[in-house]
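Colleague: Attaching a single structure in C-alpha cells format; questions to follow.
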C-alpha cells in the first residue's frame, strides 16, 4: 500500500512536470508572439512605404494635372491669338475689293471700255429683283455709262465655282438693273491671280479677267474677250 511520502513525492513530480510543460508552452507562446510582432512590424513598415509611394504618386499626378491645365490654358491663349490673327487676315482679304480693285475700276472703265461719263458708279450696291422683291443681290462694283453696264465680281482667291456662279448670275443682271436695260453688259471677274485654265474658262464665258499686274490691276484677256463679243 502506497505510503503518504510516496504520494507526496508523486504529487511533487506531477507538479514539476506541469510547471515544466507550462514553461515550455509559455516559451513557445513567447516565440510565437515575437514572430507575430516581427510580422506586424514588417506589415506596418510595408504599409508606411506604400502610403509614402501613394502620397508621392498623388503629388506627381497633381503636378501633372497642373502641367496639363497650364498647357491647356496656353493652347487656349494660342488658339485665341491665332483666331484673332486669322480674323485680321480675313478682314484684310475681305477688303481686297475696297483697297485694290476699287481704285482701278473707273480707270479701266475709261481706258478699256471707253466709258468717259458715269451714270452710275457704285461699290457693294444691293439691288432687289424687279419682279420678285423678296430676292436681292449685292454687287461688288457697278459702273454704267456710254450704253454699257460694267459688273465686277471680286474674289481674293479665284475658284472655278466662283467663276461659274458669276457667269450664271449674269443672266439676271438686268432684272436687278432694269433702268439700264438695253445697255451692253460688261462682266469683269477680279482676283489676286488667275491660273491659265481659269483664264481660258473666263475667256470662253466672255468675262474679262482682272488681276494684279506689276504696278496695278490689269485685264489679262482684254483683246480675246473683246473679239468674242463682237
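We did not get these values from a lab; they are worked out from the coordinates using the rules stated. Worth saying up front: this structure is predicted, and the values here are computed from it rather than measured. Glycine also receives a Cβ, built like all others from the backbone with ideal geometry; neighbour counts cover every protein chain displayed.
Colleague: Relative to the longest principal Cα axis of the chain, at what angle does helix 4-94 sit, 0 to 90 degrees, rounded to 10?
Modeller: Helix 4-94 sits roughly 10 degrees off the main axis of the chain.
Colleague: With label points built 7 Å along Cα→Cβ from the Cα atoms of residue 223 and residue 36, find their separation and express it in nm.
Modeller: 11.4 nm
Colleague: Continuing with the same structure: Testing the spin-label approximation: label points 7 Å from Cα along Cα→Cβ at residue 78 and residue 130. State their distance in nm.
Modeller: Roughly 5.8 nm, to one decimal.
Colleague: A further question on this structure: Tilt of helix 160-169 relative to the longest C-alpha principal axis of the chain, in degrees (0 to 90, nearest 10)?
Modeller: Computed tilt is about 50 degrees.
Colleague: Using the alpha-carbon centroid of each, what span in Å lies between the stretch 185-226 and the stretch 20-58?
Modeller: Their Cα centres are 93 Å away from one another.
Colleague: Give me the extension gain from residue 67 to residue 100: residue separation times 0.36 nm, minus the current Cα-Cα distance, reported in nm with one decimal.
Modeller: 7.2 nm
Colleague: Residue 54 versus residue 168, label points 7 Å from Cα toward the beta carbon: distance in nm?
Modeller: Calculated label separation equals 6.8 nm.
Colleague: For the stretch 91-198, what does the alpha-carbon gyration tensor say about shape, rounded, prolate or oblate, given a ≥ b ≥ c as the root eigenvalues, a/c under 1.5 as rounded, and a/b over b/c as prolate? Present the calculation step by step, with values, prior to reporting the outcome.
Modeller: Numbers: a/c = 1.57, a/b = 1.18, b/c = 1.33.
The shape class here is oblate.
Colleague: Based on alpha-carbon atoms only, what is the radius of gyration of the chain relative to the globular estimate 2.2 N^0.38 Å?
Modeller: Normalised Rg, Cα atoms only: 2.82.
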